[in-house]
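Some notes on the structure that comes next.
What follows draws every value from the coordinates through simple rules; no lab data is involved. These numbers come from a predicted model, not from an experiment. All Cβ positions, even for glycine, are placed from backbone atoms using ideal geometry, and neighbour counts span all protein chains on display.
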Amino acid sequence: MALADRDALLDAARTARGHAYAPYSGFTMGAAVRTERGDIVPGTLVENVSLGLAMCAERVALFATATADDRPTAIALVSRRTNGELTFPCGACLQVALELGGPDVAVVVADPDGAIAESTVGELLPRGPHRP
Ligand SMILES: [Zn+2]
């Protein structure tokens, strides 16, 4: 991913993280999707007192991308680390990204200190079922 594209996507994810509704976990997360048309679609974590109703920031952004009749080409996630490691999207979010964008969707993650790692949906979910 080009550096300017990556930075713009991470900036949008950082802003979305600031809007996270996470009163139960306090684990604020923000995401942003770059779409095939070139738009940036943000998403934020939304928790609920009925815990099973929570939705990851990445899927919020991915569903909004589908709502706009567009497809993801990259997704950024900004959150604090998990067990000392940069936090990557969960399996459910990777599966949704795989369905909507395929294995080549770029994934970039960052922590609040600016450490960054990049991958792809296909690398992170190598055997996920998807349309050819
Ligand atoms: Zn997730």
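Below is a table of values for the structure above.
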| read-out | value |
| --- | --- |
| Residues with amide H under 5 Å from that of VAL107, placed H, sequence gap 5 or more | ILE75, SER119, THR120, VAL121 |
| Where labels lie 7 Å past Cα in the beta-carbon direction, separation of VAL46 and CYS90 in nm | 1.5 |
| Charge dipole (the chain, unit charges on Cβ, about Cα centre) - positive-most of THR67, ALA110, MET1 | THR67 |
| Label zone at ARG80, where the point sits 7 Å out along the Cα-to-Cβ direction: region 1-35 residues whose backbone N lies under 18 Å | 14-31 |
| Protection-proxy order for peptides 16-23, 102-109, 122-129, each taking the mean of Cβ atoms within 10 Å per residue, highest first | 102-109, 16-23, 122-129 |
| Evaluated at q = 0.10, 0.22 Å⁻¹: base-10 log I(q)/I(0), Debye formula over Cα of region 3-124 | -0.25, -1.27 |
| The chain, dipole about Cα centre (Lys/Arg Cβ +1, Asp/Glu Cβ -1), debye to the nearest 20 | 220 |
| ³J(HN,Hα) computed for each position of region 98-104 - Karplus, 6.51 cos²θ - 1.76 cosθ + 1.60, integer Hz, glycine/proline x | 5, 4, 7, x, x, x, 8 |
| Potential lengthening between LEU3 and ARG37 on full extension [0.36 nm per residue; Cα-Cα distance subtracted] | 10.4 nm |
